[in-house]
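Each remark here refers to the structure printed beneath this line.
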Amino acid sequence: MTELTLAKAINLGLRRTLESDPRVVLLGEDIGKLGGVFRVTDGLQADFGPRRVIDTPLAESGIIGTAVGLAFRGFRPVCEIQFDGFIYPGFDQIVAQVAKLHYRTQGNVRMPITIRVPFGGGIGAVEHHSESPEAYFAHTSGLRVVTCSNPQDAYSMLREAVASDDPVLFFEPKRRYWTKSDVDEDATPLPLGSARVVAPGTDVTLVAYGPLVATARDAALAALDDGISVEVIDLRSLSPVDFETVEASVRSTGRLVIAHEAQQFGGLGAEIAASITERCFFHLEAPPARVTGFDVPYPAAKLEEHFLPGLDRMLDAVDRVMGRVNSLTGWEARS
Amino acid sequence: MTELTLAKAINLGLRRTLESDPRVVLLGEDIGKLGGVFRVTDGLQADFGPRRVIDTPLAESGIIGTAVGLAFRGFRPVCEIQFDGFIYPGFDQIVAQVAKLHYRTQGNVRMPITIRVPFGGGIGAVEHHSESPEAYFAHTSGLRVVTCSNPQDAYSMLREAVASDDPVLFFEPKRRYWTKSDVDEDATPLPLGSARVVAPGTDVTLVAYGPLVATARDAALAALDDGISVEVIDLRSLSPVDFETVEASVRSTGRLVIAHEAQQFGGLGAEIAASITERCFFHLEAPPARVTGFDVPYPAAKLEEHFLPGLDRMLDAVDRVMGRVNSLTGWEARS
Amino acid sequence: MLRSLDHLTDPAIAAESRPDRPMQLITAGGKRVSDPVLDPWVDDVDEAQMARLYEDLVVVRRIDREATALQRQGELGLWPPLLGQEAAQIGSARALRSDDFVFTSFRENAVAYCRGVSIPELLPVWRGTAPSGWNPYDVGMATPAVIIGAQTLHATGYALGCSIDGVDSVAVTYFGDGATSQGDVNEAMVFAASLHVPVVFFCQNNQWAISEPVGLQATRPIAERAPAFGIPSLRVDGNDVLAVMAATRIALDRARSGGGPTFIEAVTYRMGPHTTSDDPTRYVDPAERERWAAKDPIDRVEKYLDSRGLFTEELRASTERAADAAAAELRRACLALPQPEPLTVFDHVYVEPHSWIERQKSQYAAYLAMYEGEAE
Amino acid sequence: MLRSLDHLTDPAIAAESRPDRPMQLITAGGKRVSDPVLDPWVDDVDEAQMARLYEDLVVVRRIDREATALQRQGELGLWPPLLGQEAAQIGSARALRSDDFVFTSFRENAVAYCRGVSIPELLPVWRGTAPSGWNPYDVGMATPAVIIGAQTLHATGYALGCSIDGVDSVAVTYFGDGATSQGDVNEAMVFAASLHVPVVFFCQNNQWAISEPVGLQATRPIAERAPAFGIPSLRVDGNDVLAVMAATRIALDRARSGGGPTFIEAVTYRMGPHTTSDDPTRYVDPAERERWAAKDPIDRVEKYLDSRGLFTEELRASTERAADAAAAELRRACLALPQPEPLTVFDHVYVEPHSWIERQKSQYAAYLAMYEGEAE
Ligand SMILES: Cc1ncc(C[n+]2csc(CCOP(=O)(O)OP(=O)(O)O)c2C)c(N)n1
Ligand SMILES: Cc1ncc(C[n+]2csc(CCOP(=O)(O)OP(=O)(O)O)c2C)c(N)n1
Ligand SMILES: [Mg+2]
Ligand SMILES: [Mg+2]
C-alpha cells in the first residue's frame, strides 16, 4: 500500500506490466527521455530500454498502425496519444483496423492493444487539449472503452486493460493526474467491464465517470445537506456499460442523472438514458437528466468553467429529477 | 418535373449548383471521366472542366484539407468520399478543422463545405462499403448532418447543403440510388434542418432516415393490416434533429420507434430516445424502442439481411411499444 | 551481396541507376538480358524452376479468369482481376520464406496462392459468406486490407516485432501506385526508416487507381520517393518474373541481414477492369492497353522457354492440366460455400465476454425463434 | 530568374547542390558570403533594409521573451518560445506580399508580427480568453493550427483556389521538422505537385519535436524529400535572415509565375523549451545548445552591420526603444484582455441558426439567471 498520484499509479501499472510480460511494448511521442508530457512513462525507457519503450515519429496513424503489426506478431502494444485532441489522425487505424481485425479474421488474429489517452478539460489548456472523444469509440463495435477516476482503479484497470485480449481505449482523466490516494498492488480488482457504486443513496442515481466522479461525490454530499440522498455510480467501463449496476440502482431510486464532460448530442449520456429508460421505464419517476458539456467546440480556457458540468449544474439536475424548482422549470416559465 | 433516380437527382443538383455559383468546385477520387463509382458526377467534368470537377490523388485527408483551404479562399467545395468506410482517414480534418474553424476564428472564416458520402448497406458489398458512420459526425459540434430518402429531397437538400454557409455532411442512401420518382426543380424545399411526416398515423411514431424511410413506410402499411396506425417521420436532418416535429407526433401517439442501420450503442437512436423522453415523458405509454444494426462490425454480405433492420424487425418494435407480444417479451420469458 | 545495393542509398547515384527503363532480365520478346545488379540473385534459377514459375503464372491467370467469369455469372459479388500483374505477384511471392509475413491490399490473389492459401479460401470474401478466407498464421499472410494503404503500417509494425524478437523473418507489404498518395504509406516509410526495421515495400505500379492514371498521384517515378525517406529502392519491370524475383531477393536479403527497409516499384499494367464493377472504357486508351499487351508477362516466359527448347508439348499440356484443375476446383468450391448461420453475425466481435453483445445476441435468437416459428 | 532553379528539379544535381552546409549569405561571424543561387534575389536589400530586418529580429525576440516572462508570472496559460528561430521567420515573412496567405503552426509569432497582426492580437489564445486573436482576412494569415501538419493541406487548397482564380497570390505554409512525419504533410506535397499549385512549404527544422531529435523523424535531410514528390527544394541556413529571404523570394517567384510548389528547409535551432510547460533539461545536450548559440541569428546581423559601420549607437538605441515599446505594449495588452462573457461560449458554432444550440443557450441563460440571482 503506497500513496500515489493517479499519474504515478499508471506509471506503476506500466512498470509492473513491462516486468511481468515480455510481450508488452510502449509506443508514443516523447514517452522516452521526457517520460511523456505528463510524466506517466517517467523512467520506463531508462529501465526497460528503447526497444520496449519506443519514442515514435510524430504521427498518430503511424503509432496505431505500427501497434497493429506488433499485435499481429503477438505483442501487446500500449500506445500513448499525447492529448485527446490528437487521436483523430489515428482514427482510421483504430476504427477500421484495431476494432475490426479480430472480427475480420474470424477470431484468428487478436488485437490486445491498449490506447492510453489523457482526456477531458479543466486544466486551462489551448485548443485540442481538453476534449472528451469517448463516445466515438464507444459507438465503434470491437473496442472496449474504459476510464478511471482514482489511483487504485488507474493502477488495476491499466493492468487489466493491457492483459485483455481485446483492444482497449484507456481514457485517463488528466485533471485528476495529481489526485493522491493509496494504491494496493495486491488488491483484487473489479472486472474491467463493471461499474462501482461509490456512494450509496436512495433518492437519485447519479452516474459519472473519469474526471467527474469526484465532482459527483461532492454533489452527493451537497445534496444531502438539502435532504436528498444521491447514489453515485462510477461507470468505469464505457463499452460495455455495466447496465446491471445502473439498472439496480435506478430501480431503487427511480431517478437518474448522468454527467459527462463530452458534448451532449449523441454522447454516452444519451445511450445510458435510452437504455435505462428501456429497462426501467415503469420505475422512473422522472425522465433521466443529462449534465454535460455543451454542443460547442471546447471553448477557450477562460470559458471552460461554463462548458464543464460542475457541482452546481449537477445539483440543478438532481433538483430537476426530484421535481424541485430548477433552471429548466425557470426556462420553461420564461419560454 | 422529370422522373429521375436518386443518383441522377443529385447529379442534377450538382449541375445546377455548378451553373449558378462559380465558387462551387467538386473534389474527389474518380469523379471526373468515370463520373464516380456510382456515376453521381457523370458528365460534370466534361461540361465544367477539370478545374471545377477535380480528380484528386487518392487520399481522403488530402481531399478534406484541400477543401478547407479552398473555403478559406471563398470557394464552396463539394467533396465526394467514395464509400462510407473511407471517410475515416479524413476524420481529423473534418472533426478538428472543418467543424471548428468558424468557431476558432470567431466567425471570421466560413467553411461552406459539403461532404457527400454514399452510406449504408444492403448492396451485398465487401467490407467498408456498407457503413453508417453518421453518429460520429452528429456528435461533432460545428457540423450539420443530413440525409435524403427520395429523389426530390436528394435534389433540393443537395442544393441547400451547398448553399449553406456551414459545413454539411450529406449522406446519400446508396441502396436507394436507383429509386425513381418525380423531381421538380422549382419546388420550394423544406428548410434543411427540418423533418417531414411522410405518412400520418395515430398509434405509434416511427422515425427513420435515409435508406430506411422506404422500409418504414412499408412497415406502416403492414401495421395497418394489423390495425395499428403508424406515423412515419423522415428525419432528414441528423444535426440538428427537428425535435419539434418528432415531439409533436409523440405527444399525440404516445409511442416511439426509431430505426437506423448504424450500430445501436451510442447511435442516433439513443439521442432521439433520450431527448424525446426528456420532452414527452408524461405522454409516453411505453419506452421508446430502437430498431438498428447490431453492435458488430458490418458483416459479410450473406449475413447483412440479419444485421439490417428490415420491415419485420420494425413491426416487432411496433408491437413492443403497443404492448403486444413481441420478440422481447419472448426473450424475457426465456431469460 | 549487400554491397551491390550500396549505391542506391546515395540518391545522386540512385537517380542514375533508375533510368526510365526499369531493370529487366527477360525482355518482352523473351530474350534473357543481363543486369549486373540483378543477375547474381537469380543464378540458381534453373530450367525446372523457370518451368514452375511458368506454371504459376498460367495457373493464377486461369484462377483469375475463372473468378471473373463466376462474378459475371452472379456467383461472386465482386472480383478484382489481377490480369497483367501475374509476374509482379509470382516473382515476388516466390522469393519469400514461409516465416516471412505478408500484408497486402485486395488484388494480391496470386501472392495468396504462393503463400499456400488454398483455392477455396480465396473466395469467401468475394462471395460474401465470411469476412475473410484463411487464418493468417497458417500461411504467413494477413487477409486483404481494403482501406488503401493501411496495411503498410501493419507490415512496419510486424517488422519492428521481428527486430525486437531478433529473428530474420521479414514483413512484406504490397500496395498500388494509388496507395502512395495516402498518408499511411508515407508514415510507414517514415517509421520503417526511423526504426530501421526489416520490411519490404512492394508497390505494384499498374498505372491506374480505378480511373486515375499514375501521373495524377505522382509527378516523379514512384521509386524515387523512398530514398528521400532513407529507404533504398529498386525500379523493376513488373512483367518480368525473373527480374521481380531478383529484386525481391535483394530486398529480403538486406532486411534479413539488418539492412532495414527496401522499396520496390514493379512497373506493370492493369489489363482488366479495376474490379468487375468497373467500366474502364470510360477512361482507358485502347492503344495504351495494346502497347502493354505486347509486354505480357506470360508470353515472354513462353518465348524465353521456347528459345531454350524448354517449351515442350509436355510442359504446355501439364500446365494446362494444372490450370484446368485449378479452375474446376475454384468453381466447385465457390458453389459449395455454405450460407453462414445467422447468429454467427455476433461471433468474434470480442475475444472476451461482452455483456452488451451477449444480450443482443440472445435477444436476436429469441426474435428468430419467434418468427421462424411463425413462418412454419 | 526561374532558370536558376532548374537544376533543382533534377534530383541527381539537386543532391549535389544541397551539401551538409545549408546555403548561406551571412556567416555566423557576420561575414557576407556569396551564393550564386541566392545572391541575385537580395541585391536590392540595401543598408536601410538590413537595419529594418535587424530591428524586426530584436523586436520579435523581445516580444517572445516578454511573453515567456508573462507566462512564468501566471498571466498566460502557455507560450511557445521562438527563441533562435527569429531569422527563419522574419526572413521568410518579410518576403511576402500582402495578398499572399499564410498557414502556420503555433510557434510563428514573428511571422504573425510581420503579417501585421498587432501585439495585443497575439495573446488571446495563450491567455485563454478567445480561440483566436485576429481575423485572418485582415492580415492574410490563418490563426494557428495546433494539430501538427494539418495546415499544410489548407495552404495547398488555398493555392489551388489562387490558381483557379488566375491570380498570382501565393499560399505559404510553415511547419516543423516533426510535422514532416505526419501523413497530412506528405499528402499536401502529393496534392501540391499533382495539382501544380502556387504554394511554398516552409519547414523550420529546429532540430526538435518536443523531446524528439530530428533524426528520429528523418534519416535523410528533410529538404531531400520534396524533390521526390516532384517539388524542388532549397536547404538554407535558417539563422541567416538574408539567405532565408532570398530562398523565399525564389520560391514565391516560382509560384507566381506558374512554376508550382517549392519546399524550403530552414535549418535552425529551438533555443528555448518546446513551450513554457516543457523541461528540456531532460533531453537537450547543453553542449549542442552551446554550439547553436554561437550561430545566433541576431548576433551575426549585428556583426555584419558593424563590419560595414552601420551598427551605430543610433540604430542600437532606436531598436532598443522599439523593443521596449513592444514589450510594454504586450504586457499592458495582456493584463487588459477582457474575461469573455459566459454566453459567448455558444457563439460562432454555426453561421446559420441551429435549433439545438439555440435551445441549449437559452436554457443556460435561464440557469445563469436563476443562480446568479440566488448568489446576489
Ligand atoms: C481509404 C480508401 N479510399 C478509397 C478506396 C476506394 N478504392 C479502392 S481501390 C482504389 C484504387 C487503388 O489504386 P492502387 O493503389 O493503384 O491499387 P490498384 O487498384 O491499382 O491495385 C480506390 C480508390 C479505398 N478502398 N480505401
Ligand atoms: C496531431 C498532433 N500530435 C501531437 C501534437 C503534440 N505536439 C505539439 S507540438 C509537437 C512537436 C512539433 O514538432 P515540430 O513539428 O518540429 O515543430 P516545433 O514544435 O519544433 O516548432 C507535438 C508532438 C499535436 N499538437 N498534434
Ligand atoms: Mg494501381
Ligand atoms: Mg521542430
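Read-outs throughout are calculated quantities, based only on the coordinates presented, and are distinct from any laboratory measurement. The shown structure was predicted, so the numbers you read here are calculated from the model rather than taken from an experiment. When we count neighbours, we look across all protein chains shown, and the Cβ atoms used for this are built from the backbone with ideal geometry, even at glycine.
Measuring from label point to label point, each 7 Å out along Cα→Cβ, what is the A:GLU305 to D:SER362 span in nm?
According to this spin-label approximation, the distance is 2.8 nm.
Of the candidates D:GLY29, D:GLY74, D:GLY260, which one comes out as most mobile in a Gaussian network treatment of chain D with C-alpha springs shorter than 10 Å?
D:GLY74
Quick check: the angle from helix D:313-336's long axis to the longest principal axis of chain D, C-alpha only, nearest 10 degrees?
That helix lies at roughly 30 degrees to the long axis.
Ratio of alpha-carbon Rg to the 2.2 N^0.38 Å globular estimate for segment C:156-301, to two decimals, please.
Relative to the 2.2 N^0.38 Å estimate, segment C:156-301 comes out at 1.11.
Over chain B, what per residue volume does the convex hull of the Cα atoms give, in whole Å³?
136
Beyond a 30 Å Cα-Cα separation, which of these cross-linked pairs lie in this structure: A:LYS33/A:LYS100; B:LYS33/B:LYS174; B:LYS100/B:LYS180; A:LYS33/D:LYS295; A:LYS100/A:LYS180?
Going by Cα-Cα distance, A:LYS33/A:LYS100; B:LYS100/B:LYS180; A:LYS100/A:LYS180 fall outside the 30 Å limit.
Among the GluC sites (Glu not before Pro) in segment D:304-349, which ones are in a DSSP loop with at most 13 other Cβ atoms within 10 Å of the Cβ? Mind listing them?
In loop regions of segment D:304-349 (DSSP not H, G, I, E or B), there are no sparsely surrounded GluC sites (Glu not before Pro).
Excluding same-chain residues fewer than 8 positions from A:LYS302, which aspartates and glutamates have a Cα within less than 14 Å of its Cα?
A:GLU127, D:GLU75, D:GLU341
Quote the FRET efficiency, to the nearest 0.05, computed for B:HIS283 versus B:THR2 with a Förster distance R0 of 45 Å and r equal to the Cβ-Cβ distance.
0.60
Given the rule -39500 (n - 2.57) for each run of at least 4 DSSP H residues, summed and divided by the residues of chain C, what is its mean residue ellipticity at 222 nm, to the nearest 500 deg cm²/dmol?
For chain C, the value works out to -14500 deg cm²/dmol.
What translational D, rounded to a whole number of µm²/s, comes out for segment C:2-336 from Stokes-Einstein when the hydrodynamic radius is the Kirkwood one over Cα pairs, at 20 °C and 1.002 mPa s?
Value of D from the Cα-based Kirkwood radius: 108 µm²/s.
Would you mind checking which residues have amide H under 5 Å from A:GLU231's amide H? H placed 1.01 Å from N; only 5 or more apart, or other chain.
Here the answer is A:GLY201, A:THR202, A:ASP203, A:VAL204, A:THR205, A:LEU206, since their amide H atoms fall under 5 Å of that of A:GLU231.
Restricting the calculation to Cα positions, tell me the Rg (one decimal) and the Dmax (whole number) of segment A:266-307 in Å.
14.1, 43
For A:ARG334, which inter-copy label distances result when the label point lies 7 Å beyond Cα on the Cα-to-Cβ vector, reported in nm to one decimal and in ascending order?
5.2
Given all pairs of different Cα atoms, what value in angstroms does the Kirkwood hydrodynamic radius of segment D:317-376 take?
15.2
Run the Debye formula on the Cα coordinates of segment B:8-183, all scatterers equal and no solvent, and tell me log10 I(q)/I(0) at q = 0.11, 0.13, 0.16, 0.17 1/Å.
Scattering profile of segment B:8-183, log10 relative to I(0): -0.40, -0.57, -0.90, -1.03.
Chain D: which residue's Cβ hugs the D-to-C rotation axis most tightly, distance rounded to whole Å?
Spelled out as residue then distance in Å, it is D:GLY183, 1.
Which part of segment D:90-108 falls in the paramagnetic zone of B:ARG51, meaning amide N under 16 Å from the point 7 Å along Cα-to-beta-carbon?
No residue qualifies, since no backbone N sits under 16 Å from the label point.
In nm, one decimal, shortest first: how far is the label point of D:ASP347 (7 Å from Cα along Cα to beta carbon) from the matching points in the other copies?
So the label point of D:ASP347 gives 5.9 nm to the other copies.
Within a 10 angstrom radius of the beta carbon, how do D:SER132, B:SER20 rank from fewest other beta carbons to most?
Fewest to most other Cβ atoms nearby, the residues stand as B:SER20, D:SER132.
What residues have an amide H closer than 5 Å to that of D:PHE101, excluding those fewer than 5 places away on the same chain, when H is modeled at 1.01 Å from N in the peptide plane?
Here D:VAL170, D:ALA171, D:VAL172 satisfy the definition.
Reported to two decimal places, what Rg/Rh ratio describes segment D:78-214 when computed on Cα atoms with Rh from the Kirkwood expression?
Across segment D:78-214, the Cα-based Rg/Rh ratio is 0.95.
Can you sort B:THR105, A:THR329 from fewest to most other Cβ atoms within 10 Å of each residue's own Cβ?
A:THR329, B:THR105
Compute a Gaussian network model of chain D, connecting alpha carbons closer than 10 Å, and tell me which residue from D:TYR113, D:TYR137, D:TYR269 fluctuates the most.
Highest fluctuation among the options: D:TYR137.
Calculate how large, on average over all directions, the projected area of the Cα convex hull of segment B:196-325 is; give the answer in nm² to one decimal.
That works out to 7.4 nm², a quarter of the Cα hull's surface.
Each label point is 7 Å from the Cα along the Cα-to-Cβ direction; what then is the distance between the points at B:ASP218 and C:ALA325, in nm?
If labels sit at B:ASP218 and C:ALA325, their model points lie 4.7 nm apart.
Could you give me D for the protein assembly as shown, from Stokes-Einstein at 37 °C and 0.692 mPa s, where the hydrodynamic radius is the Kirkwood radius over C-alpha pairs? Units µm² s⁻¹, please.
Translational diffusion coefficient: 100 µm²/s.
Could you pull the copy-to-copy label distances for C:ALA369, with points set 7 Å along Cα to Cβ, in nm to one decimal and sorted shortest first?
5.6
Mind computing the radius of gyration and Dmax over the alpha-carbon atoms of segment C:16-116? Å is fine for both.
15.9, 50
Can you tell me the FRET efficiency between A:THR329 and B:ASP165 if r is taken as the Cβ-Cβ distance and R0 is 51 Å, rounded to the nearest 0.05?
FRET efficiency, A:THR329 to B:ASP165: 0.90.
How large is the Rg to Rh ratio of segment B:46-110 when both quantities use alpha carbon positions and Rh follows Kirkwood?
Result: Rg/Rh = 1.00.
Suppose each label sits 7 Å from its Cα in the direction of the beta carbon; what would the C:ARG220-C:ARG256 distance come out to in nanometres?
3.2
Just A:PRO287, A:PRO151, A:PRO133 to compare: in a GNM of chain A, with alpha carbon springs under 10 Å, which one fluctuates most?
A:PRO287
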